[in-house]
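Undergrad: So that we are looking at the same thing, I have put the structure below in C-alpha cells.
The values are calculated or read from the model by the stated rules, or taken from the named source; none is laboratory data. No experiment lies behind these values; they were computed from the predicted model shown. Here the Cβ positions follow ideal geometry from the backbone for every residue, glycine too, while neighbour counts run over all protein chains shown.
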There are 2 protein chains.
Amino acid sequence: MKFRRSGRLVDMTNYLLEHPQHLVSLSYFADRYDSAKSSISEDLTIIKQAFEQQGIGTLLTVAGAAGGVRYIPHIGSQEAKVFIENLCEQIAKPERLLPGGYLYLTDILGNPKLVNQIGKLYASVYGDREIDVVMTVATKGIPLAYAVANYLNVPVVIVRRDSKVTEGSTVSINYVSGSTKRIQTMVLAKRSLQEGSKVLIIDDFMKAGGTINGMISILEEFNAKVAGIGVLVESENTEERLVDEYISLIKLTCVDVKEKQIQVDLGNYFHFLKDIKEIKNQVDEELEE
Amino acid sequence: MKFRRSGRLVDMTNYLLEHPQHLVSLSYFADRYDSAKSSISEDLTIIKQAFEQQGIGTLLTVAGAAGGVRYIPHIGSQEAKVFIENLCEQIAKPERLLPGGYLYLTDILGNPKLVNQIGKLYASVYGDREIDVVMTVATKGIPLAYAVANYLNVPVVIVRRDSKVTEGSTVSINYVSGSTKRIQTMVLAKRSLQEGSKVLIIDDFMKAGGTINGMISILEEFNAKVAGIGVLVESENTEERLVDEYISLIKLTCVDVKEKQIQVDLGNYFHFLKDIKEIKNQVDEELEE
C-alpha cells in the first residue's frame, strides 16, 4: 500500500531503531512503502537530521549498487556526562556498601532503562570496531552484555562458573581470582563461539581483573580475539591490575567499610568517546580505501 | 528550538518507543518542541495510525488534566504466528537434542533480536495486567526477562541457585525439582523485591514446572503475588504438571533421543493474545469506571 511521508517517517524511524548497524538498501524501503527512491532519500535526510539533533545517533549512507543506509547509535558527550554523573551519585550511596568492599548494584542492573542506556554508551565507543560477539560471565553482566549487543547487532555468549546439561559439551579453564587469589573455573559451551571470533568483553565490576583475565584465557582456547573490554564500575585501590586496556564508566576511588563511605569518579570512558563527526569521517575514509 | 512536523514525528516516535507504557503528557511534547498542543495532537494521530498499521502497537490517549498518551507495544496475531512458526522450525532441528531430552537453545537465547521479539510477544499478552516486576531464575531466562520487562516498563529480579556476596542478605527456600525429584535451593536478595509486589515469572523452559514452583514459593516469602507465568518452551510428556496457569510460545510434543527426533507445536499463546481493539475497549471501560 501507498504511504504518505508522515507515515513513512514514523515507520522508517521504528525500523531503523530496531535494526542498528544493519545496512538497509533504499530499494527495501522503496518497496516497503511503494514509493520512489528519491522520496525515500528525502525521508532519510529528515531522519538523519532529527537523529543527530536529538542525540539518537546518525545515519550513514553508502552509495552504489550494494549501498544503502545504516543507523549508528551514538550518544553525545554532554548527554553521556549527565547520565554517568547521575549514575555516580546513585552508586555513591553508603547503603550500597557490602562486606568485602563490594557494592550492591542489583537495583541498577535490574532497571532495563538504565541498562539500555549503558548499552548505548558502550555501543557509542565500540560501534566502529569490528566485533562479532559480546561475551560476559554469569550472572550480573548478562543484562549489560545484551544491551550492548543489541545496539551493535551481534549475538551474546555467556561464560559460566559451572557446566550445565543444557549447554552440550563445553571447554573449561582454571584461572586465579585477582583479589582472593583462589583458583576458579570458567566454562563455555563449545557450540556457542566460533573459532577466530572478535569478542567484546563486558562485565559489571572489575577489581583486580581476575574474572576478565579468565575470559581472555577462555578466548584463547577458541582462538578468538579480544576486540575490547568494557566494565561498568572499576575499583581503583587494587595492588596490581591484571588487565591493561579497558573502558570503565565509573571509578570507585575510595571505599571505607568502617566509616561507610564510598567515593566515586568518572571512569576513563570519555577518553574513548568520539564525536559523531569523527566517526563519520572515519567511515568515509574506510569506504574510500 | 522550534521543530517542523517531520522532525517532530521522528523524535516523538523514538521517544515513545523508548518509553513503552509511560504516560507522557501533551505538555511535555509541546514544551520539548516548542509547539502548540493542537499540533502535537495531530502528530500523535499520525503516529498512532502508523503504529497500528505496521503492527508496532498503539497509542492510548487519556483525556483530562492528568492525561496524556501512552505507547502500548503490541504484536498482531498474524505476525506473532509467523514468528513462532519460524521459531518452531529452528527448534525442531535434531542437532539441538541433548542428553536427558533437553534442548540446546543457547544460540536462540543469545540472539538479542529474537529475544526482543519474544519479549514483545509476552508484553502483548501481559500488557494489560498489573505487573510491578518481572522475575526469572539464573541464567537462561535472564535475557527473556529483560526483554519483557523493557516493554512493560518494570524492573527485573533474578533468583539464584546460590547466594553471592554482592547481593547482601538473602531469603532462601528449598524446593523439589519436578523431573529429577531432587531437593534444590533458590535464593533471592532481600532488598531486591518489595513486599506485596505483583510478579510476572518468565523462564526459557518448563518440564514438570518444579523451578517455576520454586519461584512461586519464594514469592510467598515476600508476600508477593504471581501476576502471570510465561515460558518460551514447554515440554509436554511429563507425568504431572506442577503449575496450572502459564503461557507458552512453543510446545515440545515429542522428543525421541534414540531416533534423534523432535516434534514441536505452537504453545497455548494464541488463546491469550487479544486483538489490539479489545485492549483499547478494555482500557476505555476501565477509564469510565
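Undergrad: For the range A:178-188, what are the residues that are surrounded by 14 or more Cβ atoms within 10 Å (Cβ to Cβ) and closer than 12 Å to A:R160 by Cβ?
TA: Within the range A:178-188, A:Q184, A:M186, A:V187, A:L188 meet the criteria.
Undergrad: On to the next question. Among the residues in the range B:207-214, are any surrounded by 15 or more Cβ atoms within 10 Å (Cβ to Cβ), within 13 Å of another protein chain (Cβ to nearest Cβ), modelled with pLDDT under 90 and over 11 Å from B:V159 (Cβ atoms)? Lay out the reasoning, then the answer.
TA: Just the residues of the range B:207-214 that are surrounded by 15 or more Cβ atoms within 10 Å (Cβ to Cβ), to begin with: B:207-214.
Checking which are within 13 Å of another protein chain (Cβ to nearest Cβ) leaves us with B:207, B:211.
Now narrow it down to the ones that are modelled with pLDDT under 90: B:207.
Of the ones still in play, those that are also over 11 Å from B:V159 (Cβ atoms) are B:207.
Yes, the range B:207-214 contains a residue that is surrounded by 15 or more Cβ atoms within 10 Å (Cβ to Cβ), within 13 Å of another protein chain (Cβ to nearest Cβ), modelled with pLDDT under 90 and over 11 Å from B:V159 (Cβ atoms).
Undergrad: Looking only at the range B:89-124, how many residues end up being surrounded by fewer than 22 Cβ atoms within 10 Å (Cβ to Cβ) and touching a Pro at 6+ places or on another chain (Cβ under 6 Å)?
TA: Qualifying residue count for the region: 1.
Undergrad: If you take the residues of the range B:155-169 that are more than 7 Å from every other protein chain (Cβ to nearest Cβ) and part of a loop (DSSP other than H, G, I, E, B), which of them is nearest to the chain's Cα centre (by Cα)?
TA: B:R161
Undergrad: Based on this model, can you work out whether B:K198 counts as away from chain A (no Cβ under 12 Å) and modelled with pLDDT of 95 or more? So that I can check it myself, show each step before the final result.
TA: Values: away from chain A (no Cβ under 12 Å): yes; modelled with pLDDT of 95 or more: yes.
Yes: the conditions hold for B:K198.
Undergrad: Checking A:R191 against (1) within 13 Å of another protein chain (Cβ to nearest Cβ); (2) surrounded by fewer than 23 Cβ atoms within 10 Å (Cβ to Cβ); (3) part of a strand (DSSP E or B), which single condition isn't satisfied?
TA: Only one criterion is unmet by A:R191, namely (3).
Undergrad: Among (1) within 12 Å of chain A (Cβ to nearest Cβ); (2) surrounded by fewer than 24 Cβ atoms within 10 Å (Cβ to Cβ); (3) touching a residue at least 40 places away in the same chain (Cβ under 8 Å); (4) in a strand (DSSP E or B), there is one condition B:Y175 misses while meeting the rest; what is its number?
TA: Among (1) within 12 Å of chain A (Cβ to nearest Cβ); (2) surrounded by fewer than 24 Cβ atoms within 10 Å (Cβ to Cβ); (3) touching a residue at least 40 places away in the same chain (Cβ under 8 Å); (4) in a strand (DSSP E or B), B:Y175 violates only (1).
Undergrad: Now for a different question. Looking only at helices (runs of 4 or more DSSP H) that fall completely inside the range A:31-130, which ones have 3 or more residues that are among the hydroxyl-bearing types (S, T, Y)?
TA: Numbers: elements: A:37-53, A:77-91, A:106-109, A:112-126.
Per the criteria, A:37-53, A:112-126.
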